[in-house]
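Here the structure comes first, spelled out in structure tokens, and everything after it is commentary.
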Amino acid sequence: MVKFPLIELLDKRSLILHFSWMNIKLRFKGSYLGLVWTGLEPLLMFLILFVVFSSIREIPKENFGIYLITGVLFYHLFSRGTTTGLGSLQENSSLLKSLKIKKELFPVIATTTTCILLFVELGVLFGLMPVFDFTPGWNILYLPILLILFLLLVLGMNYILSILYVYIKDLKQFWTIFVYALLFLSPIFWYTTEVEGMLLDIQKINPFGQIVEMAHKIIVFNQIPELVEWFYTTIFVFGILFIGFIMFKKLEHNIVEKL
């Protein structure tokens, strides 16, 4: 009987956390700043975008800085989290060949790594709030729920990407281009009220974009996303997670020979 790995997380939490910390150490091995880069990378990206778009806007939007850093952080986490997940099986091929270990745990480990780094990047967001003289409202209490949905989306994508990458090596290049396009296709530096046509149509079927927009409502606009937004995003996220896990289990049997 197939057991969904999320149910087994409590039993394997030590193993997952161990490998997650190893991922972080390897990522910053030899770096002088180390973990500081986790917050510095999105901060530098934010500063560049903030200078550019603040300059070209005729009328600056209220709290645009917080709006922008919120989108940048979610984008940066999604980009890094799914890129790590994509190579999670390939980069641990020696372990998979030598040890009897559940293969589906490696996408979970990659997502847990993203979860750990998430707390560092949230520190950047809350650290910038006094700089922009911004005080969040009580609706910020809804943010943890949204972050859980976000991490489940990353996990679902990691199941899909990691197993497909074993069979299709070109996937890495394709995903790099796709994630780069996602920066422009999601409401990170633009507002949904400012666009129409194809861009808005894409946003309606973009689960990542929906999560970013909900984050803007919760953090920046002190609003509670409508029930239909929560419902749509939850269905989409769990749909991707379910499809990803089923696809993973269908294709995992021959991956050791493919690695």
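The values are calculated or read from the model by the stated rules, or taken from the named source; none is laboratory data. Because the structure is a prediction, the values reported are computed rather than measured. Don't worry about glycine lacking a Cβ; one is built from the backbone with ideal geometry, like all the others, and counts go over all protein chains shown.
Can you confirm whether segment 186-208 contains a residue that is hydroxyl-bearing (Ser, Thr, Tyr) and within 15 Å of the chain's Cα centre (by Cα)? Looking for residues that are hydroxyl-bearing (Ser, Thr, Tyr) and within 15 Å of the chain's Cα centre (by Cα), one finds at least one in segment 186-208, hence yes.
Checking each residue in segment 135-156 for being outside any helix (DSSP H, G or I) and either at pLDDT 90 or above or surrounded by fewer than 16 Cβ atoms within 10 Å (Cβ to Cβ) (or both) picks out Thr135, Gly137. In segment 143-152, is there at least one residue being more than 24 Å from Met247 (Cα to Cα) and not aliphatic (A, V, I, L, M)? Within segment 143-152 (the criterion being more than 24 Å from Met247 (Cα to Cα) and not aliphatic (A, V, I, L, M)), the answer is yes, since at least one residue qualifies. Of the listed requirements (1) over 16 Å from the mean Cα position of the chain (by Cα); (2) touching a residue at least 40 places away in the same chain (Cβ under 8 Å), Phe174 misses just one: (2). Residue under question is Ser93, and the condition is that it be touching a residue at least 40 places away in the same chain (Cβ under 8 Å), in contact with a helix residue (DSSP H, G or I) (Cβ under 7 Å, 6 or more places away or on another chain) and closer than 30 Å to Tyr159 by Cβ; does it hold? Taking the combined requirement at face value, the residue does not satisfy it. Selection of segment 51-81 for residues being surrounded by 17 or more Cβ atoms within 10 Å (Cβ to Cβ) and free of Cβ contacts under 8 Å to residues at least 60 places away in the same chain yields Phe64, Ile69, Leu73, His76, Arg80. Just one of (1) within 16 Å of Leu26 (Cα to Cα); (2) of a type outside the set (D, E, K, R); (3) surrounded by fewer than 21 Cβ atoms within 10 Å (Cβ to Cβ) fails for Thr84. It is (3).
Please work out if Tyr142 is closer than 22 Å to Ile235 by Cα, touching a Pro at 6+ places or on another chain (Cβ under 6 Å) and among the hydroxyl-bearing types (Ser, Thr, Tyr). Taking the combined requirement at face value, the residue does not satisfy it.
Within segment 157-171, being part of a helix (DSSP H, G or I) and either more than 16 Å from the chain's Cα centre (by Cα) or hydroxyl-bearing (Ser, Thr, Tyr) (or both) holds for Tyr159, Ser162, Ile163, Leu164, Tyr165, Val166, Tyr167, Leu171. Could you tell me whether segment 89-104 includes any residue that is farther than 20 Å from Thr38 by Cβ, at pLDDT below 85 and in contact with a Pro (Cβ under 6 Å, 6 or more places away or on another chain)? Taking every residue of segment 89-104 in turn, at least one turns out to be farther than 20 Å from Thr38 by Cβ, at pLDDT below 85 and in contact with a Pro (Cβ under 6 Å, 6 or more places away or on another chain).
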